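Structure record follows, encoded as C-alpha cells.
The values are calculated or read from the model by the stated rules, or taken from the named source; none is laboratory data. What you see is a predicted model; the values in this text were computed from it and never measured. All Cβ positions, even for glycine, are placed from backbone atoms using ideal geometry, and neighbour counts span all protein chains on display. Side chains are part of the model used for accessible areas, which takes the heavy atoms of the whole protein and leaves out ligands, DNA and RNA. Shrake-Rupley method; radii C 1.70, N 1.55, O 1.52, S 1.80 Å.
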Amino acid sequence: QTPVTYTANPTDAQINTALIGNNINITGGTLNFGNRNTQIATFTNGTAAALQMNNGVFFGTGTVATLLSSNNNIGTSQDIITTPVTYSDPNLTAIDATAINDVVSYSFSVTLGPKATTLNIRYQFGSEEYPDFVGSAYDDAMGFFVTGPGITGTANLAKLPNNNPISINKVNFGVPGVYYSTGVGAY
C-alpha cells in the first residue's frame, strides 16, 4: 500500500485550507481539544493509499505517524495510547457515552458563496478498534455537528445510511469483533 503524504501539526489556517471546497469560505478554526502535534495532519496522495479522497485533514484518536503509515494489521492494536486523555464533548457523548478518550474537537465557520445552495461534506471514518473491538466498550465515534440557518439546535450531519450516528458498534452490521464483550455495545 502506498503511504499517505501528510504534514503533522498543521496550523488552523492550514487545516481550513485543506477543508475548503468550491464556492465556500471557511473562517475561524479552533482546536477545542486534542493534540495538534500527534493527532492532526493535512494529507495528499490519499487515493493512492486506498482512501476515498485524495486530500484533506486527518483527525485521529491515535498518533498520525502510525495511523497514516504502518497501521494495517488486523487482530492487533499498534497505536494504543497507554494513558488516554479524556474530554467529554456533549455532542459526541450523545452518540456514545464512552466516547471520551483521546478526543479531537475542531470548530470552524462556513459561509456559502453566491453560487452555492447546498453544502456537501466528504469524509471517511476509520478506527484502530475496527473491526476487532466491535461490540466491546471501545466504541470510537465521530460526528459533524452543525448549527446555523434552517437547523434547530445542533444537528449531527454524519450519519450512516440507516440514519444512525457513526461509531464502530453501529457500522459493523452485527458481526462482533474478536474482543467482543457480552452485554456491551450496540452492534
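Quick notes
- Difference of contour (0.36 nm per residue) and Cα-Cα distance, ASN55 to PHE144: 30.2 nm
- Taking a sphere under 14 Å around the Cβ of PRO165 and counting the other residues whose Cβ falls inside, with K and R at +1 and D and E at -1, yields a net charge of -2.
- As a fraction of the 1.4 Å probe accessible area of the chain, surface on carbon and sulfur atoms comes out at 52 percent.
- Net lengthening on full extension, SER69/LYS159 (0.36 nm per residue, minus Cα-Cα): 29.7 nm
- Column: log10 I(q)/I(0), Debye, Cα scatterers of the range 24-65, q = 0.21 Å⁻¹: -0.80
- The chain, dipole about Cα centre (Lys/Arg Cβ +1, Asp/Glu Cβ -1), debye to the nearest 20: 580
- Label-to-label distance, nm, for residues given as TYR179 and ALA97 (7 Å Cα→Cβ offset): 2.1
- The C-alpha atoms of the range 86-175 occupy a region whose extents along the principal axes are 46, 27, 21 Å, arranged from largest to smallest.
- Using the Karplus relation 6.51 cos²θ - 1.76 cosθ + 1.60 with θ = phi - 60°, the per-residue 3J(HN,Hα) values for the range 128-135 come to 4, 7, 9, x, 4, 9, 4, x Hz, with x marking Gly and Pro.
- Where Rh is the Kirkwood radius over Cα pairs, Rg/Rh for the chain: 0.95
- 3J(HN,Hα) along the range 99-113, derived from phi through the Karplus expression 6.51 cos²θ - 1.76 cosθ + 1.60 where θ = phi - 60°, amounts to 7, 10, 8, 6, 5, 10, 10, 10, 10, 7, 10, 10, 10, 6, x Hz, with x in place of Gly and Pro.
- When the helices of the chain are scored as -39500 (n - 2.57) per DSSP H run of n ≥ 4 and the total is divided over every residue, the value at 222 nm lands at -3000 deg cm²/dmol.
- Kirkwood Rh in Å, taken over all unlike Cα pairs in the range 98-147: 13.9
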